[in-house]
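Take a look at the structure set out below.
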Amino acid sequence: MRPDEATAVSAALAQLPADKKTGKAWNPTPEFSDYDPCADLSAVVVTVVDATRSSPDQALMFHRGAFVGTATAVAYPFTELEVPASTDDLVVLTYRSRQSCDACDDGTLTTVGFQWQGDHVQMLDPPRSRWTHRRDPPHPAEPSPTRR
């Protein structure tokens, strides 16, 4: 039997350390979710306990209900799951960067797809330039702790 969302998220979070920047544990209540225990790839975006608007988010990736790692090795604020653009084997995330302030909604949006490819998650169409700003999403060279 495949786990329901709450069980899958709890099991995934038990495998992750607290957020490196804040030292806070991850909140098991999803910010965004397209969790589907029957899908090749689905995701749940969580933030930290006692989060503020600019707290880090992390996308938990699941293959048929089993946790396979996070979308990125580093957690970033303002991570959103694009549910309408995601499919049974594709998760689409939008990262916001270069805001005028830590809690501002302005800035640059970067949309990145992640696809299940047989036995792993693959980042699709990574941005062409290297992200260097501290609030920018990671470069694909920064691997996620994805499990095989």
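To keep it simple, each residue is scored yes or no on (1) hydroxyl-bearing (S, T, Y); (2) within 12 Å of the chain's Cα centre (by Cα).
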position	(1), (2)
A8	no, no
K20	no, no
S55	yes, no
R64	no, no
T70	yes, yes
T87	yes, no
L90	no, no
L93	no, yes
S97	yes, no
Checklist entry - For F78, are the conditions met, namely being at pLDDT below 95, of a type in the set (F, W, Y) and more than 10 Å from the chain's Cα centre (by Cα)? => result yes
Item to check | Count of the range 12-39 residues which are modelled with pLDDT of 95 or more, surrounded by fewer than 15 Cβ atoms within 10 Å (Cβ to Cβ) and not β-branched (V, I, T) | outcome: 7
Checklist entry - Right, R53: more than 23 Å from T108 (Cβ to Cβ) and either at pLDDT 95 or above or surrounded by fewer than 17 Cβ atoms within 10 Å (Cβ to Cβ) (or both) or not? => result no
Next on the checklist: Cβ-Cβ under 7 Å, sequence separation 6+ or interchain: first residue in the range 7-32 and hydroxyl-bearing (S, T, Y), partner surrounded by 14 or more Cβ atoms within 10 Å (Cβ to Cβ). Which pairs?
Outcome noted: S10/P28; T22/V48; T22/S55; T22/P56
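The values are calculated or read from the model by the stated rules, or taken from the named source; none is laboratory data. Computed from a predicted structure; not experimentally measured. Positions of Cβ are generated from backbone atoms using ideal geometry, with glycine treated the same way; all protein chains shown enter the neighbour counts.
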